[in-house]
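Report on the structure given below.
The values are calculated or read from the model by the stated rules, or taken from the named source; none is laboratory data. All values derive from a computational prediction rather than experimental measurement. Note that we place each Cβ from the backbone using ideal geometry, even for glycine, and neighbour counts take in every protein chain shown.
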Amino acid sequence: MQWWRGCRRRVPKEQRRGFNSMITLGAWLIWKHRNSCALEGTNPSMTRLIDGFMEECQLWCLAGAKGLRSLGFVQVEHPN
C-alpha cells in the first residue's frame, strides 16, 4: 500500500484514476495467472500476461473506464 501511495503521488492528478485502475487490473490479472499456473498446471508466461492485460484494458475502456484511456497507451476503437 505504501508503494502504491508513493507512486500515485508522482502521477499527474488528472491521470490518477487511470493509474489506480491500471494497478488494480494488473494485480487482478497477476493473481488469475498465478492461480492458473498453480491450480491448472499452465506454464507461466509474461507474454500471455501482458497480452491479457492489454486486452482487458481495451475491454475496460469500452466499458467506460475513462481513466485508463487517459493514460494514452490503450487505443480503443468504438463499434459503429
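Can you pull out every residue in the stretch 1-22 that is touching a residue at least 24 places away in the same chain (Cβ under 8 Å), farther than 22 Å from Glu55 by Cβ and surrounded by 14 or more Cβ atoms within 10 Å (Cβ to Cβ)?
Of everything in the stretch 1-22, just one residue is touching a residue at least 24 places away in the same chain (Cβ under 8 Å), farther than 22 Å from Glu55 by Cβ and surrounded by 14 or more Cβ atoms within 10 Å (Cβ to Cβ), namely Arg16.
Among the residues of the stretch 23-34, is any outside any helix (DSSP H, G or I) and surrounded by fewer than 12 Cβ atoms within 10 Å (Cβ to Cβ)?
no
When both residues are 6+ apart or on different chains and their Cβ atoms are under 6 Å apart, which pairs have a first residue that lies in the stretch 29-42 and is under 22 Å from Glu55 (Cα atoms), and a second that is part of a helix (DSSP H, G or I) and not hydroxyl-bearing (Ser, Thr, Tyr)?
Going by the 6 Å Cβ cut-off, the qualifying pairs are Leu29/Gly52; Leu29/Phe53; His33/Leu49.
Could you tell me how many of the residues in the stretch 35-55 are part of a helix (DSSP H, G or I), in contact with a helix residue (DSSP H, G or I) (Cβ under 8 Å, 6 or more places away or on another chain) and farther than 23 Å from Met1 by Cα?
2
When you check Gln58 against the structure, is it at pLDDT below 90 and exposed (fewer than 12 other Cβ atoms within 10 Å of the Cβ), yes or no?
So Gln58 fails the test.
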